[in-house]
Amino acid sequence: MNDWQHNYRLARINLKRGDSVAAMKHLQGAIDACPVTQRIELSRMFYYLGMVLVRLGKPPVALKSWASAFKLAKRGYGARMYGRFSNGYGMVKCQDSATDDFYAFRSVQTSRYLGSKESRCFQSGTERDMVFVLIADAFLRLRKSYPLASMGCKEKLALYRRAKISFPLVSRNDPQEAGVEGGICPSADVVAVDFVMNRVLDDDSRCSCGSGKPYRLCCGRLPSCFEIENGSF
Ligand SMILES: [Zn+2]
């Protein structure tokens, strides 16, 4: 038996036993060792990995796993889970769309803030709390000025990206001010390009990975702050 098949078997045994930590370890081993040509099997493993991550209390990372499952196989359990639990931003669906909007806005702004820092991470919980308060304030102001409820996701994303918050710590090494040399391009401003079709990907255009989904729901989905902070995106 191949290494990945062995790991996959052990993962399923551990899943049945309810040992999520062991199951996750074996699934990751199996996914790493499995050849990319095994799309259906890989998709199924990503599906199981998502289930394990939910059990371990990490729904945002689980969604990422189901998004991978979906990319590998358009139909199947993973694709179904992704469709059920993701919202119009490709993030974990919340109880209401106002909360979805807030988390999407926070994701865009957190990526921009961390992307402009050299360390690319929060140095302390205090720093993160302060940044999150500033973002929440900015969101409340934005919500008063724009009818978010009647806007489409593409339109809202463009608005979130235009909204520049002046973060006290970032202004010191703002890439725009520092010039190209010391500047790191904030990830929120990255322009997606499909080199095969020779076009710039718009949030609503079909993703270049061939999944058939809009870019914003596929490879361009917004990461949760949990993923951004952990560098797992
Ligand atoms: Zn894609």
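The values are calculated or read from the model by the stated rules, or taken from the named source; none is laboratory data. Keep in mind it's a predicted model, so treat the numbers as computed, not measured. Heads up, the Cβs are rebuilt from the backbone with ideal geometry, glycines too, and the neighbour counts pull from every protein chain shown. Remember, those area values only see protein heavy atoms, side chains included, never the ligands or the DNA or RNA. Shrake-Rupley method; radii C 1.70, N 1.55, O 1.52, S 1.80 Å.
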(request) Mind pulling the angle between the C-alpha long axis of helix 3-17 and the longest principal axis of the chain? Nearest 10 degrees, somewhere in 0 to 90. (result) 90 degrees
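Provide the per residue accessible area, probe 1.4 Å, for the stretch 3-85, rounded to a whole number of square angstrom.
Working: 4480 Å² over 83 residues.
Per residue, the stretch 3-85 has an accessible area of 54 Å².
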(request) For n ≥ 4 DSSP H runs only, could you compute -39500 (n - 2.57) per run for the chain, divide by its residues and tell me the 222 nm figure to the nearest 500? (result) -18000 deg cm²/dmol
(message) Leaving ligands and nucleic acids out of the surface, order 52, 61, 193 by accessible area at 1.4 Å, largest first.
(response) 193, 61, 52
(request) Please work out the C-alpha center-to-center distance from the stretch 1-27 to the stretch 71-109 and express it in whole Å. (result) 27 Å
(request) Could you pull the accessible area for residue 6 with a 1.4 Å probe, rounded to 10 Å²? (result) 80 Å²
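State the extension gain, in nm to one decimal, for the chain segment bounded by residue 199 and residue 123, taking 0.36 nm per residue of separation less the distance between their alpha-carbons.
Details: separation 76, 0.36 × 76 = 27.36 nm, distance 3.81 nm.
Gain on extension, residue 199 to residue 123, equals 23.6 nm.
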(message) Testing the spin-label approximation: label points 7 Å from Cα along Cα→Cβ at residue 229 and residue 206. State their distance in nm.
(response) 3.9 nm
(request) Take the solvent-accessible surface of the protein heavy atoms, probe 1.4 Å, and return the percent of it on the chain that carbon and sulfur atoms account for. (result) 53 percent
(message) How far apart, in nanometres, would the label points at residue 40 and residue 94 be if each is projected 7 angstrom from Cα along the Cα-to-Cβ direction?
(response) 4.0 nm
(request) Give the angle, between 0 and 90 degrees and rounded to the nearest 10, that separates the Cα long axis of helix 97-115 from the longest principal axis of the Cα atoms of the chain. (result) 80 degrees
(request) At 7 Å along the Cα-to-beta-carbon direction for both residue 161 and residue 16, put a label point, then send me their distance in nm to one decimal. (result) 4.8 nm
(request) Can you send over the solvent-accessible area of residue 42, 1.4 Å probe, protein chains only, in Å² to the nearest 10? (result) 10 Å²
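Over the stretch 3-85, what relative contact order in percent results from Cα pairs under 8 Å that are six or more residues apart? The partial results should precede the final answer.
Numbers: 114 pairs, mean separation 19.9, N = 83.
Result for the stretch 3-85 is 24 percent.
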(request) Work out the FRET efficiency for residue 75 and residue 136 from their Cβ-Cβ distance, taking R0 = 41 Å, and round it to the nearest 0.05. (result) 0.55
(request) Go through 155, 118 and list them by solvent-accessible area, largest first, probe radius 1.4 Å. (result) 118, 155
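In this model, which of 16/71; 58/93; 58/144 are farther than 23 Å apart at the alpha-carbon? Intermediate results must be reported in sequence, preceding the final value.
Numbers: 16/71 26 Å; 58/93 14 Å; 58/144 32 Å.
Violating the 23 Å Cα-Cα cut-off are 16/71; 58/144.
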(request) Determine the dipole magnitude for the stretch 1-100: charges of +1 sit on the beta-carbon of Lys and Arg, -1 on that of Asp and Glu, nothing else is charged, the reference point is the Cα centre, and the result goes in debye to the nearest 20. (result) 280 debye
(request) Would you mind classifying the stretch 3-85 by shape? Square roots of the alpha carbon gyration tensor eigenvalues, ordered a ≥ b ≥ c; an a/c under 1.5 is rounded, otherwise it is prolate if a/b is larger than b/c and oblate if not. (result) oblate
